[in-house]
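The values are calculated or read from the model by the stated rules, or taken from the named source; none is laboratory data. On a predicted model such as this, the values are computed, not experimentally measured, just so you know. When we count neighbours, we look across all protein chains shown, and the Cβ atoms used for this are built from the backbone with ideal geometry, even at glycine.
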Amino acid sequence: MRRRTLLTGIAGGLVAVGTTPAFAEARRRVLYVRPGGSVQDAVDAVEGEGWTIVVHPGTYREVVNIPSDKGELTLRGASRDPRATVVVFDNANGTPRPGGGTHGTAGSATLTSAAPGLSVRDLTLANDWLRADHPDITGTQAVAAYVTGDRSRFERVRFLGHQDTLFADTTTLDAFDRQYYRDCYVEGDVDFVFGRARAVFERCHFHTLDRDVTFRPEGMVFAPATARANPYGFLAERCRITSGAEDAAYKIARPWVPSYETTARPSLVVRDTWLGPGIDAVEPYTNMREAYPWQTMRFREYANSGPGALISVPENRPQLTAAEAASHTREMYLGDWSPCERRRS
């Protein structure tokens, strides 16, 4: 049987392989990246939709941008241990760009994706920029992943950073892009899960870092910026929140109402989740700006447990009823998209 090579070659650690019968309609489209190679080179080599990029264990110090025309792309580590494959860089909001100006928050991201149907698993995405190393820079947001595009799925992915670690956003202000995170680990300090997306976090582990500061709170886990017209924002279900800081040093969330979308009405539901002692159980929410108090936002909890979930002041912890909780599930948030049916690529 005659076979045709789709892509072959080895260059700088990038191994492009894929063979299929010349008459076959379905093609196996796989690129392999080995240490010394570049994940971005693999992304650039992708033409069309439905490719898989397999990244072998190692540390890849680079910025990766996945544009919207690389739809249905799978990016995965070759090992099931997400610690084995690390993509990391160190830009921050205030980091100068070579062409002038600074990167800005979104531009600081180690991984940026606007691709619909993106699937990422079994690797680490990190931004290791540190405030202490750059006392002259005031724009301290340093994003590990900036994700837009509908149907973006992350499984067994570690997101490491400090301020603004995971930017779960939408392609446009009026888009309700959906994202799904399962068995992921996210760590940071200030607003380290934030954005406008309709995002479900299932069985994820959020970890707050200790900061060498004297003020309280040291930071917040979530900072949703949900559009008012979007019925669903962030949902954390069957997760856990731990802390490297002292007890009650962190808040669950504060609402982010961006200056470019002042009609936003942030939405967050945390349910069936274990909240460790690092969360302030008495006052678990706070304001980003006094003009937008958290009490006017869509912040709710349901059936949480742990020392950070104690309800000592009920008005500080709005709760869903059982009937309301039935409308805050993965299925309701994601609609006709069932990411769990596409667990293996």
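Within segment 22-40, can you find the residues that are modelled with pLDDT under 95 and either part of a helix (DSSP H, G or I) or among the charged types (D, E, K, R) (or both)?
Selection gives Glu25, Arg27, Arg28, Arg29.
Taking segment 266-287 on its own, how many of its residues are out of contact with any Gly (no Cβ under 7 Å at 6 or more places or on another chain) and surrounded by fewer than 18 Cβ atoms within 10 Å (Cβ to Cβ)?
5
Collect the residues in segment 260-296 that are closer than 20 Å to Asn230 by Cβ and under 22 Å from the mean Cα position of the chain (by Cα), keeping them in residue-number order.
Tyr260, Glu261, Ala264, Arg265, Pro266, Ser267, Leu268, Val269, Val270, Arg271, Tyr285, Met288
Strands (runs of 3 or more DSSP E) wholly in segment 41-141 with at least 2 residues that are surrounded by 15 or more Cβ atoms within 10 Å (Cβ to Cβ) and polar (S, T, N, Q) - which ones?
Working: elements: 52-55, 58-61, 64-66, 74-77, 85-89, 111-113, 119-127.
In segment 41-141, the matching strands (runs of 3 or more DSSP E) lie at 111-113, 119-127.
Only residues that are among the aliphatic types (A, V, I, L, M) and more than 16 Å from Thr286 (Cα to Cα): list them for segment 312-323, please.
Matches in segment 312-323: Leu320, Ala322, Ala323.
Might you let me know whether segment 176-192 holds any residue that is among the charged types (D, E, K, R), under 14 Å from the mean Cα position of the chain (by Cα), assigned to a loop (DSSP other than H, G, I, E, B) and at positive phi?
yes
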